[in-house]
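Read the structure below first, then the notes.
The values are calculated or read from the model by the stated rules, or taken from the named source; none is laboratory data. In this text, all values refer to a predicted model and were calculated from it rather than measured experimentally. Positions of Cβ are generated from backbone atoms using ideal geometry, with glycine treated the same way; all protein chains shown enter the neighbour counts. Calculation scope for accessible area: heavy atoms of the full protein, side chains included, ligands and nucleic acids excluded. Shrake-Rupley method; radii C 1.70, N 1.55, O 1.52, S 1.80 Å.
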Amino acid sequence: MSVGVLDSRNLNGGQKLAVKYFIVAMILFVAQILFGLLAAIQFLAPGFLFETLDFSVNRMLHINAMIVWMLYGFIGAVYWFLEEESGVEIVGLKLGEIAFWVLTAAVGVVVLVYLFLQIGAGDDTTRWLINEGREYIEAPRWADIGIVAVMLVFFYNVAGTFSKGRWSGVSGVLTLDLVALVGLYLAGMFYTTNVTVDHYWWWWVVHLWVEATWEVLVGCIMAWSLMKLLGARRKIVQTWLYIEVALMFGSGILGLGHHYFWIGTPEYWFPIGGFFSALEPIPLVAMVVHSIYDAGVHKFKSTNHPALGWVIAHTFGNFFGAGVWGFMHTLPQINLYTHGTQWTASHGHLSFFGAYATINIAFFYLAVQQWRGNVWMGANLADNGWKWKWSMVLLNLGVVGMTVALLIAGYEQSFIERAIEGSTWSGYFAAQTHPWFTQAMFWRLIFGIVTAVGLVLLIWDLATIGARETRPALVIERPEEPGIKAAVVETA
């Protein structure tokens with residue numbers, strides 16, 4: 001086996017397919033940051049690229065690129081560990097490869113449509129071919145059908161492989177979650193003329209598809225990563241994964257209520273939704289804390305410091321972004337003033353990065369380590385690991401900076417537009433032109449640039465880390481965890 005060189009011979013069939021998903025994910029990550037920067041500039045200079053690349057298009061591409069690159073990362077992560085977790089080769093892998101190319105081609109076509117065909121009135125034809133007109137799920141109907149078809153192939157690969165091979169708690173949760181991943185997305189694929197009913201089902205996609213099925217999917221990826229990184233005991237990660245499922249689908253469905261009040265549903269949804277929506281990230285945080293404690297007690301160590309660092313960043317980001325920042329503005333007494341302001345964008349930036357981007361990046365480092373022949377990626381790297389450390393600092397600093405800037409803007413909107421002006425048009429424009437708002441948007445752009453620099457360093461590091469490394473990471477088979485090999489540090 002080669003050491004320090006990217007070599008597909010180090011990978012099994014599922015991992016080779018996962019690499020394709022990871023590469024496209026990183027390309028879309030770059031697109032997300034690029035279009036986000038353009039939109040941030042347009043907040044300060046509304047005439048910038050007007051009628052060439054309008055703010056509405058930049059924002060749409062920014063958000064959709066984020067959703068799709070994270071989904072690519074999740075799918076790739078599952079393909080990566082599927083054979084090792086099941087103990088058999090992936091069932092229907094050729095079909096999975098075809099699905100990858102179909103999905104990637106569809107994403108490319110949709111991006112071109114977003115860029116060049118966003119002019120004119122909407123009708124049944126445009127809904128099928130150009131844009132469905134719903135925020136966050138703008139994909140045309142044909143693309144929706146394609147996404148569901150690809151997810152069904154993905155489900156076939158996963159369920160078929162585990163049925164043929166070894167079942168575990170992680171595999172059972174993952175398989176059931178993929179049923180929900182397909183099913184909940186269907187909620188956004190039909191149209192009703194009643195705005196309240198239409199928004200009711202729209203929230204099932206925007207909130208539950210992303211915040212429920214994705215969180216459980218991340219839980220499965222996290223569980224496997226902790227066993228791989230730290231040799232964490234399976235019973236620990238699976239216990240917290242079961243709690244995650246119970247809270248996610250129990251509290252997640254009720255947590256939708258903090259949106260319902262604003263679309264004309266009964267008032268009782270407000271307090272129910274405000275309380276339960278804050279419970280979702282707790283089990284994932286507990287899983288990581290318990291696993292690190294268990295690793296310390298049993299003297300397990302990690303030979304992949306970048307991956308472990310990003311797992312810990314995920315713990316903080318998920319707790320503060322999805323939990324604290326979410327709960328902070330969904331309480332009924334607060335949400336009355338904050339709903340629809342930049343306060344929501346502040347929560348969105350920190351929660352999506354903290355809950356999803358961080359675990360994807362952690363898994364990218366896990367994948368690179370094995371792709372290079374399972375080289376050492378712990379302490380005393382050739383360059384002291386400055387690229388991964390600085391990329392981690394800059395990415396987190398950039399996102400936290402944008403989060404705080406948007407929070408200040410949201411607070412200003414809530415105070416002036418809502419509390420003082422009473423949600424009038426004059427109040428809206430008074431808030432949008434206030435110095436606090438414009439200064440916050442300026443700092444959002446500055447920290448967006450910091451994030452972009454961090455992304456450049458991340459890509460550079462992923463392409464080069466371990467390339468000159470000759471020390472292999474010791475690998476042992478833990479008898480109590482058949483099939484899961486944990487990397488450990490050689491001790492004297």
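Computed values, structure above
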| quantity | calculated |
| --- | --- |
| With at most 13 neighbouring Cβ atoms within 10 Å, loop GluC sites (Glu not before Pro) (DSSP) excluded, longest segment of the chain | 268-479 |
| Surface/4 estimate of mean projected area, convex hull on alpha-carbon atoms of region 92-188, nm² | 7.0 nm² |
| Rounded percent of accessible protein surface that carbon and sulfur make up, the chain, 1.4 Å probe | 71 percent |
| FRET E, pair W390, L34, Förster distance 22 Å, beta-carbon r, rounded to 0.05 | 0.60 |
| FRET E, pair V5, F50, Förster distance 56 Å, beta-carbon r, rounded to 0.05 | 0.70 |
| Rounded to 10°, Cα long-axis angle of helix 13-44 versus longest principal axis of the chain | 30 degrees |
| Paired Rg and Dmax values of region 389-481, which use every Cα atom, in angstrom | 22.2, 68 |
| Diffusion constant of region 1-104 at 25 °C, which comes from Stokes-Einstein with the Kirkwood Cα-pair radius and 0.890 mPa s, µm²/s | 156 µm²/s |
| Nitroxide proxy distance, nm - points 7 Å out along Cα→Cβ at I23 and V88 | 3.0 nm |
| Rough spin-label spacing in nm, given labels placed 7 Å along Cα→Cβ, for V289 and Q439 | 3.6 nm |
| Solvent-accessible area per residue, Å², over the chain with all protein chains present [probe radius 1.4 Å] | 42 Å² |
| Relative compactness, region 319-443, computed as alpha-carbon Rg over 2.2 N^0.38 Å | 1.42 |
| Cα radius of gyration and Dmax for the chain (Å) | 22.5, 72 |
| Sites F415 and I253 - FRET efficiency at Förster radius 35 Å, r taken between beta-carbons, to 0.05 | 0.60 |
| Column: log10 I(q)/I(0), Debye, Cα scatterers of region 298-392, q = 0.19, 0.22, 0.24 Å⁻¹ | -0.87, -1.03, -1.15 |
| For the chain, calculated [θ]222 nm from helices alone, where every DSSP H run of n ≥ 4 adds -39500 (n - 2.57) | -22000 deg cm²/dmol |
| Length-normalised contact order of region 343-431 in % [C-alpha pairs under 8 Å, at least 6 apart] | 42 percent |
| Computed over the chain: relative contact order in percent, which uses C-alpha pairs under 8 Å that are six or more apart | 17 percent |
